Amino acid sequence: MTEALLEDVQAQLDVLQNPKVREANLRRGDDHGVNLTALRTLAKKFKGQPGLVTELWGTGDVASRLLAILMAKPKDFSAQQLDSMLREAAAPKVHDWLVNYIVKKSPHVEDLRLRWRGDHDPVVESAGWALTSERVVKSSEGLDLPGLLDEIEARMGAAPERLQWAMNHTLAQIGIEHTALARYS
């Protein structure tokens, strides 16, 4: 991967910056002004270049990281790399896309779900709950659903907003997928 290619991609991202999009995204905690449709088009142009994915992620720039996620292949990352990336993903959109587009499709998804569910950082823990929601829907065998409901009931009210949202989503999925357990209304 050449420095020139990274500079070219970042120059293309700069051209795509729109002040109105940036203003709208800032209200949601995301520091970028690139229209997501344009970002997806750019990702298709550069897909299949894992070195570029690494370089884009390393910039720390929100738009560059979103582009890297769109270009990346989930199997290309170790559990440790994904854990580090999640901890670096400060912007909500980067966090959500990393979990939904990469981690959920990774061979390390269950290991990370378990690791993150007990994390002291509520943003990281929210990723564990997001993966738990997915597991409730796709493969709930082996999950202690009543235990999850008890934990949600005990903790959700005092949880920070992002964690509360993820726990609430798990609660909803348990109620939808396992109606006999739907004790909250």
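The values are calculated or read from the model by the stated rules, or taken from the named source; none is laboratory data. Predicted model only: the values in this text are computed from it and were never measured. Note that we place each Cβ from the backbone using ideal geometry, even for glycine, and neighbour counts take in every protein chain shown. Areas reflect the complete protein model, heavy atoms only, side chains present, ligands, DNA and RNA absent. Shrake-Rupley method; radii C 1.70, N 1.55, O 1.52, S 1.80 Å.
Here are the numbers for this structure:
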read-out: For volume of the Cα convex hull per residue in Å³, calculated from these coordinates, the label among (1) 216; (2) 124; (3) 114; value: (2)
read-out: Rounded accessible area per residue of the range 56-131, 1.4 Å, Å²; value: 39
read-out: Neighbourhood net charge (13 Å Cβ-Cβ; Lys/Arg +1, Asp/Glu -1) for residue 50; value: +1
read-out: Within the accessible area of the chain (1.4 Å probe), percent carbon and sulfur; value: 53
read-out: Crossing angle, helix 3-16 versus the chain [Cα axis fit, 0-90 degrees, rounded to tens]; value: 70
read-out: Contact order relative to length of the chain, as percent, for alpha carbon pairs under 8 angstrom and 6 or more apart; value: 14
read-out: Per-selection Kirkwood Rh - the range 1-72 (Cα, Å, 1 d.p.); value: 12.1
read-out: Computed lengthening from residue 101 to residue 80, 0.36 nm per intervening residue step minus Cα-Cα distance; value: 5.9 nm
read-out: Other-chain or far-sequence residues with amide H under 5 Å of residue 34's (modelled H); value: 18
read-out: Counted charge near residue 104, where neighbours are those whose Cβ lies closer than 14 Å (Asp, Glu -1; Lys, Arg +1); value: +2
read-out: Gain in span if fully extended, residue 111 to residue 3, counting 0.36 nm per residue against the direct Cα distance; value: 35.4 nm
read-out: Where labels lie 7 Å past Cα in the beta-carbon direction, separation of residue 154 and residue 24 in nm; value: 4.3
read-out: Extension gain, residue 145 back to residue 119 (0.36 nm per residue minus Cα-Cα distance, nm); value: 7.4 nm
